[in-house]
Amino acid sequence: MTLAHSSSAQMTINELREFASFAPCEQRYIKRSLDIGLARCDAFRLWGRSESENVAIRRQYVAYQDLKALRAAIPHEGTAGEVENLLAKLVRLAAFDLEQERLASFAAFRFLYERLLGARVRPWLPAAFCAAAALPSIRPERRKLLLQSLSEAAATAPGWSPREPIFYPEYVEHVEAA
């Protein structure tokens, strides 16, 4: 096994562990969001268990329409215009996801958004998360929990890895043991 292969395998294991640490409702929301945001399948057929879930999925499809433009808006230079263009759209999308009350922490939010938008968005995620979590549309007690979930290390990181995520969780149908 080469050193690069070993390093890649360890990173994949770390991503798997991180995903496993999320609550089941967070895992489900992340998988559904990736199916919608990355156009991996028909989310209505896979995730729609009720009419209210179908409505939620429809709303998420509409909210995620800007993902392609958002990926293109990630700043290269960090000019004021680039930052404004990115953060306005990113905060709007983050607010949508946080309002669903399925993501309970910055870690789950970051995990999802790194996969939806790529590694280049990492430096912008703490700001977008804080802005969205602090909006009045988020219930006050929820606001407090979300903002407290952002560690000092994540908020003040001196740099971010350019490595793209490896593990993209997918829906797995439960099969009863014989």
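State which residue is nearest to Lys31 (Cα to Cα) when the search covers only the stretch 148-172 and only residues that are assigned to a loop (DSSP other than H, G, I, E, B), within 16 Å of the chain's Cα centre (by Cα) and aliphatic (A, V, I, L, M).
By that ranking, first place goes to Ile166.
Please tell me if Ala153 is in contact with a Pro (Cβ under 6 Å, 6 or more places away or on another chain) and either over 23 Å from Ala69 (Cα atoms) or of a type in the set (A, V, I, L, M, F, W, C) (or both).
It is false that Ala153 is in contact with a Pro (Cβ under 6 Å, 6 or more places away or on another chain) and either over 23 Å from Ala69 (Cα atoms) or of a type in the set (A, V, I, L, M, F, W, C) (or both).
Output the residue which, of all residues in the stretch 140-156 that are without any contact (Cβ under 8 Å) to a residue 24 or more places away in the chain and out of contact with any helix residue (DSSP H, G or I) (no Cβ under 7 Å at 6 or more places or on another chain), is farthest from Arg102 (Cα to Cα). First the steps, then the outcome.
As a first pass, look at the stretch 140-156 and keep what is without any contact (Cβ under 8 Å) to a residue 24 or more places away in the chain: 140-141, 143-144, 147-148, 152-153, 156.
Imposing the further condition that a residue be out of contact with any helix residue (DSSP H, G or I) (no Cβ under 7 Å at 6 or more places or on another chain) reduces the set to 140-141, 144, 148, 152-153, 156.
On the way: Pro140: 16, Glu141: 15, Lys144: 15, Gln148: 16, Glu152: 23, Ala153: 24, Thr156: 25 Å.
Checking each candidate, the answer is Thr156.
Ala128 passes all but one of (1) crowded, with 19+ Cβ neighbours inside 10 Å; (2) out of contact with any helix residue (DSSP H, G or I) (no Cβ under 9 Å at 6 or more places or on another chain); which number fails?
Ala128 satisfies every listed condition except (2).
So Val55 clears everything in (1) touching a residue at least 24 places away in the same chain (Cβ under 8 Å); (2) part of a helix (DSSP H, G or I) except one condition, right? Which one?
(1)
Restricting attention to the stretch 69-95, which residues are under 15 Å from the mean Cα position of the chain (by Cα) and either closer than 20 Å to Leu34 by Cβ or in contact (Cβ under 8 Å) with a residue 60 or more places away in the chain (or both)?
Leu70, Arg71, Lys89, Leu90, Arg92, Leu93, Ala94, Ala95, listed by residue number.
In the stretch 31-52, what residues are without any contact (Cβ under 8 Å) to a residue 12 or more places away in the chain and hydroxyl-bearing (Ser, Thr, Tyr)?
Ser50, Ser52
Just need a number here: residues in the stretch 60-88 that are exposed (fewer than 13 other Cβ atoms within 10 Å of the Cβ), part of a helix (DSSP H, G or I) and of a type outside the set (A, V, I, L, M).
Going through the stretch 60-88 one residue at a time, the tally reaches 4.
Among what's in the stretch 107-147 and is under 20 Å from Phe22 (Cβ atoms) and among the aromatic types (Phe, Trp, Tyr), pick the residue that is farthest from the chain's Cα centre (by Cα).
Taking the candidates together, the pick is Phe129.
Of the residues in the stretch 20-38, how many are crowded, with 17+ Cβ neighbours inside 10 Å and of a type outside the set (Ser, Thr, Tyr)?
10
For the structure I just gave you, tell me whether Phe44 is over 21 Å from Arg110 (Cα atoms), among the aromatic types (Phe, Trp, Tyr) and in contact with a helix residue (DSSP H, G or I) (Cβ under 7 Å, 6 or more places away or on another chain).
Answer is yes for this residue.
From the residues in the stretch 141-178 that are within 22 Å of Arg40 (Cα to Cα) and among the acidic types (Asp, Glu), which one is modelled with the highest pLDDT?
Across the stretch 141-178, the extreme among qualifying residues is Glu164.
What about Cys41, is it assigned to a loop (DSSP other than H, G, I, E, B) and surrounded by fewer than 18 Cβ atoms within 10 Å (Cβ to Cβ)?
yes
The values are calculated or read from the model by the stated rules, or taken from the named source; none is laboratory data. Small disclaimer: the values here were computed from a predicted structure and weren't measured. Positions of Cβ are backbone-derived with ideal geometry, glycine not excepted, and every protein chain shown enters the neighbour counts.
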